[in-house]
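Trainee: Quick one: this structure, given as C-alpha cells, is what I'll be asking you about.
The values are calculated or read from the model by the stated rules, or taken from the named source; none is laboratory data. Please read all numbers here as calculations on a predicted model, not as lab measurements. With ideal geometry, Cβ positions are generated from the backbone for all residues, glycine too; neighbour counts draw on all protein chains shown. In case anyone asks, the SASA skips ligands and DNA or RNA and just uses the protein heavy atoms, side chains included. Shrake-Rupley method; radii C 1.70, N 1.55, O 1.52, S 1.80 Å.
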Amino acid sequence: MTQRRLTFIAAFLVAGLTGSQASAEIPIAVAGPMDGQFRDLGAQMRTGAEQAVADINAAGGVNGKRLVLEVADDGCDADKAVAVANQLIGKDVVFVAGHFCFNASIPASEVYAGAGIVQISPGTTLPIFTDERPGEGVFRLAPRDDQQAEVAGQFLADTFSGARIALLHDKTAYGKGLTDAVKAVMNGLGKSEDIALGYDAGEDDYRYLVSQLGLENVGVVFLGGYHPEAGLIKLEMDRQGLDAVLVSGDALMTEEFLAVAGEAGNGTLLTYPIDPRDIEQSAAVIDALEEAGKSADRYALATYAAIQAWAQAANAAGSTELQGVADALSTQTFETVLGPVEFDENGDGNQPGYVIYEWREGAPKLR
C-alpha cells in the first residue's frame with residue numbers, strides 16, 4: 001500500500017474520530033452582561049451555569065452526551081445581543097440560559113425562535129418578554145415586574161400612608177415600567193405620590209436630583225432602576241441629610257449596591273423573591289459553590305435551575321430539538337435548586353412570591 005494511501009486512511013480515521021467526539025457533545029450557552037456596569041449579575045449567571053454543567057456532566061450528561069458551555073457577553077445591549085445570538089447559532093447551540101436585561105433578552109428571543117433554540121431567562125422580569133414571546137421555546141425563571149409592583153405598591157400604601165412619597169425612575173423600560181406599575185397599585189389603594197422624577201442612568205453626580213427631593217421634604221423614595229445609580233443617590237441623600245427611606249426593586253439585591261452606597265445603604269428596602277438559601281433543595285449546590293470560593297447569589301441559582309429544567313426536559317423528550325423540549329417544559333414539573341418548577345402557558349415559571357428585604361448590617365435580611 002502506498003504512503004499516500006496510508007496518509008489518506010489515517011486522515012479519514014482522525015476526521016471520523018473527531019466527528020464522533022463532537023457528536024457526543026451538546027453545546028449550550030449562558031448569555032448576559034459579562035462585562036460593563038452589570039458584570040456582577042453576569043458573573044452570577046456564569047457561576048451558576050458552570051456549576052450546573054459540571055454537575056450534569058458528572059451525572060451522565062443529557063441523553064448520554066456531555067454538555068459544553070459557551071459564555072457570551074451581551075453588555076445588556078440590544079444590537080450586541082442579536083449579534084451574540086447569531087454567533088451562538090453558528091456554534092450549533094441548542095439552548096441558552098439568558099439573557100438578563102430585557103433589552104437584550106427580547107431581541108435575542110426573536111433570533112432564537114427563528115433558529116429553533118430554547119431560551120430560559122433567569123433574570124428578565126418585563127412582562128412582555130413572555131406575554132409577547134415570538135415562539136414556544138421562550139421561557140423565564142424570573143418573577144414578573146407586575147407581581148413585584150403589587151407587593152411594592154401595597155407596601156408603600158400601607159406602611160407609609162402618612163409620608164410624602166417621591167417616585168423616581170431611570171428612564172429605562174425596566175425602571176420606568178416598574179415605577180409606573182408601583183404608582184398604579186399605590187394610587188389604586190388611595191395613596192398618591194408628592195413628586196415624580198426621571199433621572200439619567202450612568203451619571204456620577206445626583207446632587208441636583210436629591211436637592212429636589214429635599215425641597216419637597218419627602219420621607220420615602222421609591223426608585224425604579226439599577227444598583228449603581230441607586231447607590232449614588234442613597235449616598236447623596238445621606239450627604240445632604242435627607243432622612244428618607246429608599247425603597248426599590250430586585251435590582252438592588254447585590255453587594256455592589258452597598259459597595260457604592262457604603263453605610264448609607266443600610267436601611268434600604270427592596271422587593272425580592274424569597275432567598276433560595278431557605279429552600280432545602282439549594283443546600284448542596286450552595287455548599288459546593290461556597291467551598292469553591294464562589295458566590296451562591298440569586299441569579300447563580302436561577303441560572304443553575306434553568307439549565308436543570310432544560311436538561312430534564314431534553315432527557316424526557318429524548319432529544320434537544322425545539323418541539324420536544326418545549327412540549328416537555330410546558331407540561332412537566334422539574335426538580336431544581338429553586339424547588340419544583342413548572343411553566344405556565346406563557347412560559348412563566350412558578351417563582352416564589354416577592355417579599356420585603358432590608359439592607360441591614362451589610363446584608364439583606366427579611367423585614
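Trainee: Could you list, ordered by first residue, the pairs with Cβ atoms under 9 Å in which the first is in segment 56-74 and farther than 23 Å from Leu41 by Cα and the second is assigned to a loop (DSSP other than H, G, I, E, B) and of a type in the set (S, T, N, Q), at least 6 apart or interchain?
Mentor: Correct list of pairs: Val62/Thr320; Asn63/Ser319; Asn63/Thr320; Lys65/Thr320.
Trainee: Let me ask another. Could you grab me the full set of residues in segment 235-262 that are part of a strand (DSSP E or B) and either open to solvent by 10 Å² or more (accessible area, probe 1.4 Å) or touching a residue at least 60 places away in the same chain (Cβ under 8 Å) (or both)? Can you show your working first?
Mentor: Step one: of segment 235-262, the residues part of a strand (DSSP E or B) are 245-248.
Answer for segment 235-262, where residues must be part of a strand (DSSP E or B) and either open to solvent by 10 Å² or more (accessible area, probe 1.4 Å) or touching a residue at least 60 places away in the same chain (Cβ under 8 Å) (or both): Val245, Val247.
Trainee: If you go through segment 306-353 one residue at a time, how many are within 23 Å of Glu25 (Cβ to Cβ), surrounded by fewer than 19 Cβ atoms within 10 Å (Cβ to Cβ), touching a residue at least 40 places away in the same chain (Cβ under 8 Å) and not polar (S, T, N, Q)?
Mentor: 2
Trainee: Just to verify a result, which residue in segment 163-188, among those that are basic (Lys, Arg) and free of Cβ contacts under 8 Å to residues at least 40 places away in the same chain, is surrounded by the fewest Cβ atoms within 10 Å (Cβ to Cβ)? Explain how you work it out, then say what you get.
Mentor: As a first pass, look at segment 163-188 and keep what is basic (Lys, Arg): 164, 171, 176, 183.
So of that shortlist, the ones also free of Cβ contacts under 8 Å to residues at least 40 places away in the same chain come out as 171, 183.
Details: Lys171: 12, Lys183: 23.
Checked segment 163-188; the qualifying residue surrounded by the fewest Cβ atoms within 10 Å (Cβ to Cβ) is Lys171.
Trainee: For segment 118-217, please list each of the strands (runs of 3 or more DSSP E) lying entirely inside it that holds at least 1 residues being of a type outside the set (Ser, Thr, Tyr) and more than 20 Å from the chain's Cα centre (by Cα).
Mentor: Working: elements: 118-121, 138-140, 165-169, 195-198.
So the answer is 165-169, 195-198.
One line per residue, one yes/no per condition, for (1) open to solvent by 30 Å² or more (accessible area, probe 1.4 Å); (2) in contact (Cβ under 8 Å) with a residue 12 or more places away in the chain; (3) polar (S, T, N, Q):
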site	(1), (2), (3)
Asn266	yes, yes, yes
Ile274	yes, yes, no
Arg277	yes, yes, no
Val285	no, yes, no
Ala288	yes, yes, no
Ala296	no, yes, no
Tyr304	no, yes, no
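Trainee: Now for a separate question. Scan segment 218-227 residue by residue and report those that are surrounded by fewer than 21 Cβ atoms within 10 Å (Cβ to Cβ) and either part of a helix (DSSP H, G or I) or among the aliphatic types (A, V, I, L, M) (or both).
Mentor: Within segment 218-227, the first condition is being surrounded by fewer than 21 Cβ atoms within 10 Å (Cβ to Cβ), and the residues that meet it are 219-220.
Within segment 218-227, Val220 is the sole residue that qualifies.
Trainee: Taking Val118 as meeting all but one of (1) modelled with pLDDT of 95 or more; (2) crowded, with 19+ Cβ neighbours inside 10 Å; (3) more than 27 Å from Gly90 (Cβ to Cβ), write down the number of the exception.
Mentor: Unmet for Val118, out of (1) modelled with pLDDT of 95 or more; (2) crowded, with 19+ Cβ neighbours inside 10 Å; (3) more than 27 Å from Gly90 (Cβ to Cβ): (3).
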